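Only one structure is covered here, and it is reproduced in the block below.
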Amino acid sequence: MLPALGLALGLAAPPPAVPADTGGVEVAVSYTADLVGVVAGGVDPGVVALDNLDVQLRLDGESLLGVPGLTAFVYGLANQGGSPSAHAGDLQTLDNIDAPTSWRLYEAWVQQYLAGDRLSLLAGLYDVNSEFDAVGSADLFLNSSFGIEPALGQSGVNGPSIFPVTSLALRARALLGEGWRVQAVVADGVPGDPADPGGTKIHLGAGDGALLVAEVGYLRPSAVNLDAGARPSTVRRRRAGRTGEEAPHDLELAVGVWRYTGHVPEPADAPPGSAAPSGGNGAYVIGEARLCGPSADGSGELWAFGVLGAAQERASLASSSVVLGVSSTGLIPGRPTDRFGLGLAAARRSRRLMGAAPGLASWELTGEASYNVRLTGAIAVQPDVQLIHHPAAASSVPDAFVLGMRFEADL
């Protein structure tokens, strides 16, 4: 798949910047390739290449079948390449397209809008992080903790239903008055097959239980007039092909709680580093605020965001987490669509995993600086720097210094 990078760079004309939409059928294809090097520290310094191909299809039921408010969505995903975290030894996964080499059906669901589009019901193969525990202004960063905070992201036997392994789910979402929303989801407690990470595995085991997530959020509508093309594209993988229900806003706040209903008793002699059992619960608080901008050309926009997460010791590899950062547009004069961000992600390794083993710290701390350069409406490159203090909260592992370069193309 990496040869596709050269093909994309060699296109005589740039592809369209937005997905094609004809007759109720919307198709979106995007390609991401990363070259990441752990240049110092970590467990095994080295350079790896990895990539991610997304193929998404959205069908509008009103246009195709005459059913108002009906939407169907199918999402194919392909990943290949090495794992940067295998070299850094980090807990939080320093690259958000790090996944086992595989083609898979990632999402396949139907959604029905009701009550004037203020209520929606969704059923099918579903990525919980597409709508829960997600902060839009943090989507610039490569480290996975900026996509979903570690307490939830590292929970469960095989993770929650998020990238790269999803499960069957039922989701309800209601838009209330004055910017308020409430949403809840029930998903399989053990997505996929932990023993076989490739492909798409749908298995509802008797002991899997369910993952329950509920979130209440508030949006304060934007005080500035944002044209549709004013703000640079922030659409990333897992976002394209979806219908946006949220208006432009200056402030977002949300509180979520989650619980695994299954339970696997924790062995008394569980070794450090073993997988977390099912069962347990947690919570998170997210917030983002526009501090200034944007100007007429979309530049000068500055956002600040923060996420706090907590989980029971048995529920997650990370018992608590803190994610903070800022992101901006137009940092360099004359380049209004470029994006720059600085972020800090911290994960506290659960005491169950620390056990009595020596040489373990409490927290893994990751600082990241990233700059996305939009070459055309459809092509971008993004240099990235990360410093990981106490990878996997192991005091004996040297701090990892990571350099990366990302290439993105909307095909």
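Each reported figure results from applying straightforward, stated rules to the coordinates on display, with no laboratory input. Quantities reported herein were computed from a predicted structural model and do not represent experimental measurements. Methodologically, a virtual Cβ is constructed for each residue, glycine included, from the backbone with ideal geometry; neighbour enumeration extends over all protein chains shown.
Here are a few things to note about the model shown:
- Residue order, fewest to most beta carbons within 10 Å, for D54, D297, D127: D297, D54, D127
- Charge context of D133, other residues only, Cβ under 10 angstrom, K/R +1, D/E -1: -3
- Using the Cβ of R290 as centre and a radius below 10 Å, the other residues enclosed give a net charge of -3, where K and R count +1 and D and E count -1.
- Neighbour counting of Cβ atoms within 10 Å sorts the residues W109, W303, fewest neighbours leading, into W109, W303.
- By other beta-carbon atoms within 10 Å, ranking V397, V39 with the fewest at the front produces V39, V397.
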